[in-house]
Amino acid sequence: MKKIILLFSLSLFLSCNTSTNKEPEAKQTNNTEKQQDSVANFGIVIHGGAGTILKENMSDSLEQEYKAKLEEAIRTGHEILANGGTAIEAVQRTINIMENSPLFNAGKGAVFTNEGKNELDASIMDGQTLNAGAVSGVTTVKNPINLAWEVMENSEHVMLSGKGAEQFATERGLEIVDPGYFYTENRFKSLERLKAKNTEKTELDHDGKTAFVDPFIKDSKFGTVGCAALDKNGNLAAGTSTGGMTNKKWGRIGDAPIIGAGTYANNKTAAISATGWGEFFIRGVVAYDISALMEYKEMSLAQAAKEVIQKKNPELGGSGGIIAIDYQGNVSMEFNTAGMYRAKMNKNGKLEIGIYKN
């Protein structure tokens, strides 16, 4: 009888002990799964300019061209992120696609200055380190965003300009092209039309608030390309590239290469790229302002972007838009113009492309 009681007690003890050991293992597995879900989150969002973009002024074939190029660009970056690549690399390679297309005012499709030149600006920022690089007024670098990255990674500076920036590009082995590479007939005709008006102003649209004439679309749009991305390691990055304003003079520089105005990234908040009337985006420090509202007033990305783009910037007299992604993968594509070329993809590969406001 004593043996039976002893065996029963031992069995009960072992059963309880085994149950106690299993419980922490189950909890640990659940925590690991949650961590994996968090780390695996990623996303990407792009823009190709904002302004007077109306459905009635767009042919079906041209609309498809824009959508196809936007899709090609964003899928390039999404694939990098899906394969574990960094947000910085995704931003850079995505922007390369748009820089190489004559559809956008960046790289190959850059507009002309008053002197009949193409002067290019770009910037990039790493949200993990807050390191950044920018270039302005370059005329021979095929992909300015690549030079901005070189400035960030391989110099002690943040911004280089003109001939010095081009010399640095050569030393870093970037692809250098003859300035004629950037020539496109439509962009040059836009300059000629503007000069024929005998005006000293940069190109304006019907309400006096645009950056350049888009030869494909009635009136005008702000032509800048940009990208913001979140990678699987939880790091954010943003980049912007542009040809600036048609008929610009005196080495004018807009917001695109200005860290905090046209580009900003911070792992605490979001990665942002802007497109709009550069002077007002500089004065409003638009990209940083959105981040600051998130950090100090604890606004969501959507709330901060709406506050800046729909209220604060228009009150200054500016117009345009932004694309952004926060540290949780939430995306904003906020603009106060008739349209904005835009696209986004999440970790599940869901693609959304837009051009018009509705």
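Brief remarks follow.
- Per residue, segment 294-358 exposes 49 Å² of accessible surface when a 1.4 Å probe is rolled over the protein heavy atoms with every protein chain present.
- A crude spin-label estimate for the pair TYR356 and VAL158, with each label 7 Å from Cα along the Cβ direction, gives 4.1 nm.
- Efficiency of FRET between ASN348 and ASN186 - r from beta-carbon atoms, R0 30 angstrom, step 0.05: 0.20
- Karplus (6.51, -1.76, 1.60) ³J(HN,Hα), θ = phi - 60°, over segment 48-55, in Hz, Gly and Pro reported as x: x, x, 9, x, 7, 10, 10, 4
- Tensor-based shape of segment 310-358 (alpha-carbon gyration tensor, a/c under 1.5 rounded, otherwise prolate or oblate): oblate
- Accessible-area composition of segment 211-352, carbon plus sulfur, in percent [1.4 Å probe]: 48
- Solvent-accessible area per residue for segment 95-148 (1.4 angstrom probe, square angstrom): 22
- Along each principal axis, taking the top coordinate minus the bottom one, the Cα set of segment 40-80 gives 41, 19, 12 Å in descending order.
- Using Cβ point charges alone (K and R +1, D and E -1), the dipole size of segment 46-173 about the Cα centre works out to roughly 120 debye.
- At R0 = 45 Å, FRET efficiency that the Cβ-Cβ distance of LEU62 and GLN303 yields, to 0.05: 0.80
- Taking θ as phi - 60° and the Karplus parameters 6.51, -1.76 and 1.60, the scalar couplings of segment 178-195 work out to 5, x, x, 4, 7, 6, 9, 4, 4, 5, 5, 5, 4, 5, 4, 5, 5, 5 Hz in sequence order, x denoting glycine and proline.
- Fraction of antiparallel bridges per DSSP, segment 65-206 only, in percent to nearest 5: 65
- Built amide H within the under 5 Å cut-off of ILE53, gap 5+: ALA338, GLY339
- Pair ASN131, ASN41: separation of 7 Å Cα→Cβ label points (nm): 2.6
- In order along segment 255-271, the phi-based Karplus estimate (6.51 cos²θ - 1.76 cosθ + 1.60, θ = phi - 60°) of 3J(HN,Hα) comes to 7, 3, x, 8, 5, x, 9, x, 9, 7, 8, 8, 4, 6, 10, 7, 10 Hz; Gly and Pro are listed as x.
- Across q = 0.12, 0.17, 0.21 Å⁻¹, segment 94-204 modelled as identical point scatterers on its alpha-carbon atoms has Debye log10 I(q)/I(0) values of -0.44, -0.79, -1.07, in the order of the q list.
The values are calculated or read from the model by the stated rules, or taken from the named source; none is laboratory data. None of the values given here were measured: they were computed from a predicted structure. Heads up, the Cβs are rebuilt from the backbone with ideal geometry, glycines too, and the neighbour counts pull from every protein chain shown. Please note that ligands, DNA and RNA were not included when accessible areas were found on the heavy atoms of the full protein model with its side chains. Shrake-Rupley method; radii C 1.70, N 1.55, O 1.52, S 1.80 Å.
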